[in-house]
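**Q** Sharing a structure here in structure tokens format.
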């Protein structure tokens, strides 16, 4: 035996001696991600095979966008119906350009100046079939309105008063001393779809993340899937991470569907400014809503209880956040409650970056708040988490 072989044998003997400690093999990246990828695949396939889940997570929210987008496609200032009895000089002598602008908000139907026509016009006004009656008595322009619709009555009164003032100025031959120039802060092409899409997308993301997470965890616990996972080399972190990955993938699919459909020529969504910030906003919002689902899933013992709790959270949050209807005129105490709901801030931030041309200054504070909300509720969910119902 050579000296090299002797030295090798001594080293081997020392390594296998009583004081030697076995070195655990290092886990590769694939081995570490194995449980996460397997669970994510199982959750995604389970959701895809559940037709009811696909409908309520993807198609049901999209139906609201299709419906509301079609209903409010051509929404604008509503026309007020005015009946002109006989000749009214200030209206009959309007220039063509002024008359066209007036027709955008006033529909003026002219009748003769007989007593019968006057009585019929006033009867229609009392019945609510028209909004105003105008006629001329000497040099006086007489306007009759109904208090049943004070908004349109005020609109008609303001417009006709403006027409009369212009006629008076034209009669004196003096140009007006001041002019009012008006404009809107949004792009002139802004339509209802610009405001419907962010709100409904936020609601869809909230519903998908909360329901899928809560019901999945409860279902797996009742079917003892979590118990079997506990016996396997899988920790709670892998289970939660898999649910996070599935929820984020679902939210990105929802975002792509909403933006694709709303951008069709029929609906006319126009993305301007830093609209791409919708993606990180949606991802942060998904984490916030997912944490709500984790808390519900960790607390509830049955699918029915999880579904009821999710409904109790998501539906009020959808209405209080302004995703469906404006919430500015709500009582102060309701707006205070809405201030604690993440969907309100997500919808407002997405409207800012999609419709108002805003950027990181709007998105970053909301993203930070949503992530903080998610961290707090995830910690609560981890504390409530149970592998089984025992």
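**Q** Under the 0.36 nm per residue contour assumption, what length would be gained going from the current alpha-carbon distance of residue 276 and residue 142 to full extension?
**A** 42.8 nm
**Q** What is the Rg over Rh value, at two decimals, for the range 267-350, using alpha-carbon atoms and the Kirkwood definition of Rh?
**A** 1.04
**Q** What is the fewest-to-most order of 353, 244 by other Cβ atoms lying within 10 Å of their Cβ?
**A** With the sparsest Cβ surroundings first, the list reads 244, 353.
**Q** For the range 247-390, what are Rg and Dmax over the alpha carbons, in angstrom?
**A** Taking only Cα atoms of the range 247-390, I get Rg and Dmax of 16.7, 56 Å.
**Q** Out of all DSSP beta bridges in the range 80-172, what portion is antiparallel? Express it as a percent rounded to 5.
**A** So the antiparallel bridges in the range 80-172 amount to around 40 percent.
**Q** Summarise the long-distance tail of P(r) for the range 80-172 by giving the % of C-alpha pairs beyond 16 Å.
**A** Roughly 52 percent, rounded to a whole number.
**Q** Can you figure out the FRET efficiency of residue 172 with residue 97, using R₀ = 30 Å and their beta-carbon distance, to the nearest 0.05?
**A** Here the calculated transfer efficiency is 0.90.
**Q** Let me ask another. For a footprinting-style exposure proxy, rank 260, 146 by other Cβ within 10 Å, fewest first.
**A** Fewest-to-most Cβ neighbours within 10 Å comes out as 260, 146.
Just so you know, all these numbers are worked out from the coordinates, no wet-lab data involved. Everything numeric here is computed off the predicted structure, so don't read it as measured data. Backbone-built Cβ (ideal geometry, glycine too); neighbour counts: all protein chains shown.
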